Amino acid sequence: MENLVALSLVAVYSAMGVYTLAFILFTFDLAKRSAAQPAPAAASAGSASAQQAGGVATAVRTTTTDAAPTGATRYQRVAFALAILGWVLHFGATVLRGVAAERVPWANMFEFGLTATAMGMGVFLLAQFWKDLRFLGAYITGFTLLSLGIVTVNFYVDVVPTPPPLQSAWLVIHVLVATLATAFFAIGAGLSIMQLLRTQREVRKAEGLRFLDTLPGASTLESLAYRVNVVGFVFWTFTLIAGAIWAERAWGRYWGWDTKEVWTFIIWTLFAGYIHARATRGWRGDRSAWLAIIGFSAVVFNYTIVNLFFKGLHSYSGL
């Protein structure tokens, strides 16, 4: 068992090294895209001419908003290949940890962080079969690298027996679906951040960050974020229901206002409000983007602050 644990750690640090290279190259890709775009002065001059033309200005703005992303650069292709390699090492580290523990590898904060970051990267890689989201590469690899580093350095614990309340099939179902939801929310937050930046570039003619001109338009990014967050919300709804069923099996009640239960419901409410407001109240643009980002921030808060500083029946951080 000790050898497997050691191999798992070696794989974790190896994955972090590869993710670092991928992050650097994804950043170089963004820099190259910025250098290839016209200077802001030229864009401003074109905008002024369009405004003088009356109706032409609207057409130009619409075309800019819905512009298709520029094709992959050499930096991006190599970075994406490295991201795949990093994920293979990351996934291997997660499997080795589970084999060493003789259970699923998410019974404490370190293991959940290890698995959730692997899940997030895996969903990002698989999402490329749906849409080309490689422009999120720097965000995803950077967030994964930072998160993996924090959980490994600060939350690491040795393999220990599973506490009695966690010795249930619901540990597999409940936490697995929660990690899937977190992965989709993370990607949705990344798309919403890009949407806000793209809006600044399009509407307010913000200078700098010229690589944004090579990304999909703000309306397209908003639509992608919404679709991703809806999937995450479905998974989180199941997480909430499965948690209540598991609570009844473990503690004899479905709901007890435990801190973790409350924050799980708060997250559900935030994303339910996001979906409802966007669908029925016309909350589009910056407001919907900020609500999605706040929702994902609540997920991160739930995993970190709630687990570390709030006591309750869900205190299984292992620290």
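The values are calculated or read from the model by the stated rules, or taken from the named source; none is laboratory data. Computed from a prediction, not measured in an experiment: that's the story for all the values here. Reconstructed Cβ throughout: ideal geometry from the backbone, glycine too, with neighbour counts over all protein chains shown. Remember, those area values only see protein heavy atoms, side chains included, never the ligands or the DNA or RNA. Shrake-Rupley method; radii C 1.70, N 1.55, O 1.52, S 1.80 Å.
Odds and ends about this structure:
- Taking each residue of the stretch 161-177 that is closer than 20 Å to Thr237 by Cβ and looking for partners that are open to solvent by 70 Å² or more (accessible area, probe 1.4 Å) and of a type outside the set (Val, Ile, Thr) with beta-carbon atoms closer than 6 Å, six or more apart or interchain, yields Val177/Phe238.
- Any hit, the stretch 142-150, residues being farther than 30 Å from Ile24 by Cα, open to solvent by 20 Å² or more (accessible area, probe 1.4 Å) and aromatic (Phe, Trp, Tyr): no
- Residue match in the stretch 194-217 (condition: assigned to a helix (DSSP H, G or I), closer than 25 Å to Thr304 by Cα and either open to solvent by 40 Å² or more (accessible area, probe 1.4 Å) or modelled with pLDDT of 90 or more (or both)): yes
- Trp283 meets the conditions (1) assigned to a loop (DSSP other than H, G, I, E, B); (2) closer than 30 Å to Lys32 by Cα in every case but one. The failed one is (2).
- Options Val12, Val5, Val78, Val56: the member that is modelled with pLDDT under 80 and touching a helix residue (DSSP H, G or I) at 6+ places or on another chain (Cβ under 8 Å): Val56
- As for the stretch 87-103, it holds no residue that is of a type in the set (Asp, Glu), under 27 Å from Leu171 (Cβ atoms), open to solvent by less than 20 Å² (accessible area, probe 1.4 Å) and modelled with pLDDT under 95.
- Qualifying residue in the stretch 288-296 (condition: part of a loop (DSSP other than H, G, I, E, B), of a type in the set (A, V, I, L, M, F, W, C) and at pLDDT below 95): no
- Which numbered condition Tyr156 misses (of (1) part of a helix (DSSP H, G or I); (2) hydroxyl-bearing (Ser, Thr, Tyr); (3) open to solvent by 20 Å² or more (accessible area, probe 1.4 Å)): (1)
- So Gly243, is it within 20 Å of Met194 (Cα to Cα) and open to solvent by less than 30 Å² (accessible area, probe 1.4 Å): no
- In the stretch 276-307, the qualifying residues are those that are among the aliphatic types (A, V, I, L, M), free of Cβ contacts under 8 Å to residues at least 12 places away in the same chain and within 27 Å of Glu111 (Cβ to Cβ), and the one that is surrounded by the fewest Cβ atoms within 10 Å (Cβ to Cβ) is Ile305.
- Selection count, the stretch 159-174, where residues are under 28 Å from the mean Cα position of the chain (by Cα), surrounded by fewer than 13 Cβ atoms within 10 Å (Cβ to Cβ) and part of a loop (DSSP other than H, G, I, E, B): 0
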